[in-house]
1. Among 19-28, 119-128, 271-280, what's the highest-first ranking by average C-beta atoms within 10 angstrom per residue?
2. Return the calculated 222 nm mean residue ellipticity for the chain, to the nearest 500 deg cm²/dmol, obtained by summing -39500 (n - 2.57) across DSSP H runs with n ≥ 4 and dividing by the residue count.
3. Mind pulling the angle between the C-alpha long axis of helix 144-153 and the longest principal axis of the chain? Nearest 10 degrees, somewhere in 0 to 90.
4. If you take the beta carbon distance between residue 108 and residue 21 as r and set R0 to 25 Å, what does 1/(1 + (r/R0)^6) give as a FRET efficiency, to the nearest 0.05?
5. Mind sorting out which of (1) 15.9; (2) 15.0; (3) 14.0 is the real mean projected area of the Cα convex hull in nm² computed from the coordinates?
6. In percent, what relative contact order does region 96-168 have, based on Cα pairs under 8 Å that are 6 or more apart in sequence?
7. Antiparallel DSSP bridges in the chain: what percent, to the nearest 5?
8. Over the chain, what relative contact order in percent results from Cα pairs under 8 Å that are six or more residues apart?
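Just so it is clear, none of the values below were taken in a lab; they were calculated from the coordinates. None of these values were measured; they are calculated from a predicted model. Neighbour counts run over all protein chains shown; Cβ positions are idealised from the backbone, glycine included.
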């Protein structure tokens with residue numbers, strides 16, 4: 001059985017493929033169970049359910065939320081995945097509408113900060129025309145990876161990494177401050193379950209920003225998160241074998257969900273490439 005419970009689309013956020021193309025590709029790759037987990041977006045989940053029916057795939061509603069996790073007096077940015085919720089839930093939809101409105105404002109503020117840096121380097125500023133070009137082909141909300149791609153297109157940087165290193169880290173604007181307890185209440189209130197995403201991702205939003213030690217990460221989760229989460233993403237495209245084993249043991253100890261997904265943004269197409277065991281699906285659907 002092929003499982004991938006962490007996939008992004010251009011319809012909802014920062015994937016490269018539109019939602020139907022994602023399902024078409026998942027079918028081609030013979031994936032049995034998937035979840036579209038776009039950032040702060042649930043409005044297209046009805047379409048995802050319909051696409052799952054069309055392409056005869058198992059489907060679990062999904063979303064990825066960025067959380068402001070309070071730890072030792074600091075706010076730590078972490079990602080969480082919501083699964084199996086009612087995508088028509090009013091409270092969830094309204095909160096995500098506010099978060100996505102903040103994303104649009106944030107993107108404009110980042111571009112204003114970029115223009116300040118450009119002025120120091122005698123580069124021409126980005127205009128409303130540039131903003132419109134950045135948004136071309138972006139069905140979801142403009143985000144930093146989209147801006148990075150435009151910086152590459154303009155020849156200002158040669159790679160996404162350079163875009164972040166030279167500009168997008170220093171020009172960043174804080175995301176919407178969603179606390180973990182509130183996110184948990186929203187997802188659970190909509191009948192879903194909340195999962196800590198890629199807990200030790202070396203390149204992403206993870207507990208590595210606090211500590212690289214897996215035992216210390218586990219201690220933070222056990223002492224500060226267990227009340228509000230239902231599971232952990234044990235399998236991820238950037239997790240090594242030791243990290244996966246560690247979090248499987250943690251989830252077994254505390255009897256919480258284990259999930260897994262490629263975190264595929266189709267750059268390149270990674271969906272369905274992880275060996276995720278069948279019991280992950282059974283946690284949601286029951287044994288076949």
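1. Highest to lowest by the protection proxy: 19-28, 271-280, 119-128.
2. Roughly -12000 deg cm²/dmol at 222 nm, from the helical runs in the chain.
3. Compared with the principal axis, the helix lies near 50 degrees.
4. Given R0 = 25 Å and the Cβ-Cβ separation, E is 0.30.
5. (2)
6. Reported as a whole number, the value is 29 percent.
7. Here the share of antiparallel DSSP bridges comes out near 50 percent.
8. 23
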